[in-house]
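J.: One structure coming up, written as structure tokens, with questions to follow.
The values are calculated or read from the model by the stated rules, or taken from the named source; none is laboratory data. The structure presented is a predicted model; accordingly, all values stated were derived computationally and were not measured. A quick note on method: Cβ atoms are made from the backbone with ideal geometry, for glycine too, and the neighbour counts reach across all protein chains shown. For the accessible areas, the whole protein counts, side chains as well, though only heavy atoms, and no ligand, DNA or RNA atoms are used. Shrake-Rupley method; radii C 1.70, N 1.55, O 1.52, S 1.80 Å.
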Amino acid sequence: MNKTEQRKKIKDLFLDFTDNGYSEIICQKAFDYLRKRNISTVMSYCPFQKEVNVSILNEMLLKNNVIVGFPVISDKDYTMDCYYSRFYSLNQYGIIQPEKDKFIDKSKIDAVIVPLLAFDEQCFRLGRGKGYYDRYLSDYDGLKIALAYQMQMINKVVVDNYDVQMDVIISEERVYERDN
Ligand code: ADP
Ligand code: MG
């Protein structure tokens, strides 16, 4: 299987999948994980389609005075930067993104919460195929954390040289930590 086939496989599984309250469980586990590590600035994202409802975690973080920024993408070169704002609009993919009120430098971000379609036990991730996060994280030193349903785990994600491994992936069943 190549990456395209792996993406298709997971998208098909999502067709008749329901959350069953898993998002609450996953977000609570992620919140506890971050709190233990005294994380004070986070780059998160807004949930897209049927992926884990990360907005539950975003709210928990905001209530606990964590600064939560969101990516603003540039579709010319598939790059992105982190911004914080009270105001949001939809980007070209229909994803909510903030106005560029306050830029948050990468070096100030304690943890990036990374979206994914599929993952494996080695904490490799499969994204939606544009490589935005691989580019952004290529020179990022902080914690890389992803939230996923157990059903998004596959045996082995197809990876290339640019693919950035996560430090931790949290599902409703387990916490996968990178072991090297
Ligand atoms: P995703 O991570 O979104 O699933 P891919 O891993 O398939 O997508 O990456 C999409 C494309 O972006 C690939 O052609 C990949 O080689 C390219 N890419 C990813 N990261 C970088 C980078 N740091 N520099 C240049 N190209 C990159
Ligand atoms: Mg990738």
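J.: How many Å³ per residue does the convex hull of the Cα positions in segment 95-180 occupy?
T.: 118
J.: Which percent of the accessible area of the chain is formed by carbon and sulfur heavy atoms (probe 1.4 angstrom)?
T.: 49
J.: Under 17 Å between alpha carbons, and skipping anything fewer than 8 positions from K8 in its own chain: which aspartates and glutamates qualify?
T.: Partners found: D16, E51, D120.
J.: Need one number: nm distance between label points at S85 and K9, each 7 Å from Cα along Cα→Cβ, rounded to one decimal.
T.: About 3.9 nm separates the two model spin labels.
J.: If you count only protein heavy atoms with a 1.4 Å probe, what accessible area per residue comes out for segment 1-153, rounded to a whole Å²?
T.: 52
J.: If you place +1 on the Cβ of every Lys and Arg, -1 on the Cβ of every Asp and Glu, and leave all else neutral, what size is the dipole of segment 5-106 about its Cα centre, to the nearest 20 Debye?
T.: 260
J.: Additional query: How large is the dipole of the chain about the Cα centre if only Lys and Arg carry +1 and Asp and Glu carry -1, each at its Cβ, rounded to the nearest 20 debye?
T.: 220
J.: Amide H neighbours of V114 under 5 Å, counting only residues 5+ apart in sequence or on other chains, H built in-plane at 1.01 Å?
T.: Close amide H contacts, sequence-distant or interchain: I145, A146, L147.
J.: Could you please state, rounded to a whole Å, how far the C-alpha centre of segment 68-129 is from the C-alpha centre of segment 20-46?
T.: Going from one Cα centre to the other spans 16 Å.
J.: Once phi is turned into θ = phi - 60°, what whole-Hz ³J(HN,Hα) does the Karplus curve with 6.51, -1.76 and 1.60 give for every residue of segment 69-86, x standing for Gly and Pro?
T.: Result, ordered by residue: x, 9, x, 10, 9, 10, 7, 5, 10, 6, 10, 8, 9, 9, 9, 10, 7, 7 Hz.
J.: Rounded to the nearest 0.05, what FRET efficiency is calculated for K108 and S55 with R0 set to 22 Å and r the Cβ-Cβ distance?
T.: So, using R0 = 22 Å, E works out to roughly 0.45.
J.: Moving on. Rounded, prolate or oblate, given the Cα gyration tensor of the chain, with a/c below 1.5 counting as rounded?
T.: rounded
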